[in-house]
C-alpha cells in the first residue's frame, strides 16, 4: 500500500513539474498574414494581380474559311470582325465577309452579340461568338443580284471558328435563294485591353 501511495505522489509531482515548465514558456507568436503575403510577393517578383473581370477590351478577328450548304454548296470566305467586350459580361461584334462559290458570290455584313463568361481554367473569350443577324448581297450568275437576311450563331476556340446560319435572299425578279450554311474558319484573334489590369487575363 505504501508503494502505491509513493508511486501516485511521484506521478503527480512529475505532471505538475511538466505543466509548470510548459506554462513558463512564451507562446508562439501568431503568423502575420500580411507579412507573409508581402514576402511571397517579393519572392515572385512583383504584385499579384487578380484578373480584371469587368474590364473593357477591343478585338480584331481577320479570318479565312469555307462555307458548306446552299446557295453555293461549297464556297471560300474571307473577312474580318471587330468586337467591343466587357469581360465576364457581354460582347458586340460586327464585320464584313466576302464569299465566292460555283455560280454565286456574296458580300456580307454581320452584326452579332454574345456572352463572354469565362470557365475556371479556360482561356478568356475574345467576343467573336454569339448570335448574329447578317445582310447578304448575293449575285447569282444566272439570276442576278439578290438581297437577303439570315440569322445564325458563331463560336470560336482560339484560331478556329464555326458558324451556322439560316435565311433567304430575293431578287428584284422575285427569284429566291435559300441560305442554309455551315462555316469553318481559321483566323488570328487580336486582343486590345482598354483597362490597365485587363492584361492579367489569360491569352487565347
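Taking the stated definitions as given, is residue 163 at pLDDT 90 or above, in contact with a strand residue (DSSP E or B) (Cβ under 9 Å, 6 or more places away or on another chain), over 22 Å from residue 61 (Cα atoms) and assigned by TED's automatic domain parsing to the domain that holds residue 60?
Values: at pLDDT 90 or above: yes; in contact with a strand residue (DSSP E or B) (Cβ under 9 Å, 6 or more places away or on another chain): yes; over 22 Å from residue 61 (Cα atoms): no; assigned by TED's automatic domain parsing to the domain that holds residue 60: yes.
So residue 163 fails the test.
Under the condition of being within 12 Å of residue 71 (Cβ to Cβ) and outside any strand (DSSP E or B), the residues counted in segment 148-197 number 2. Looking at residue 161 and the list (1) loosely packed, with under 15 Cβ neighbours inside 10 Å; (2) under 33 Å from the mean Cα position of the chain (by Cα), which single condition is not satisfied? Going through (1) loosely packed, with under 15 Cβ neighbours inside 10 Å; (2) under 33 Å from the mean Cα position of the chain (by Cα) one by one, residue 161 breaks only (1).
Can you say whether residue 35 is modelled with pLDDT of 55 or more, out of contact with any strand residue (DSSP E or B) (no Cβ under 8 Å at 6 or more places or on another chain) and either surrounded by fewer than 18 Cβ atoms within 10 Å (Cβ to Cβ) or outside the structural domain of residue 182 (by TED's automatic domain parsing) (or both), as far as the supplied structure shows?
On the way: modelled with pLDDT of 55 or more: yes; out of contact with any strand residue (DSSP E or B) (no Cβ under 8 Å at 6 or more places or on another chain): yes; either surrounded by fewer than 18 Cβ atoms within 10 Å (Cβ to Cβ) or outside the structural domain of residue 182 (by TED's automatic domain parsing) (or both): yes.
In short, yes.
Checked against (1) modelled with pLDDT of 90 or more; (2) surrounded by fewer than 14 Cβ atoms within 10 Å (Cβ to Cβ); (3) under 25 Å from residue 60 (Cα atoms), residue 174 passes all but condition (3). On the stretch given as segment 73-102, residues that are crowded, with 22+ Cβ neighbours inside 10 Å and either outside the structural domain of residue 154 (by TED's automatic domain parsing) or closer than 12 Å to residue 56 by Cα (or both) total 4. Report whether or not residue 113 is at pLDDT below 95 and surrounded by 14 or more Cβ atoms within 10 Å (Cβ to Cβ). Here the answer is yes, as residue 113 does meet what is asked.
The values are calculated or read from the model by the stated rules, or taken from the named source; none is laboratory data. A quick note: this is a predicted structure, and the numbers were derived from the prediction, not measured. We place every Cβ from the backbone using ideal geometry, glycine too, and count neighbours over all the protein chains shown.
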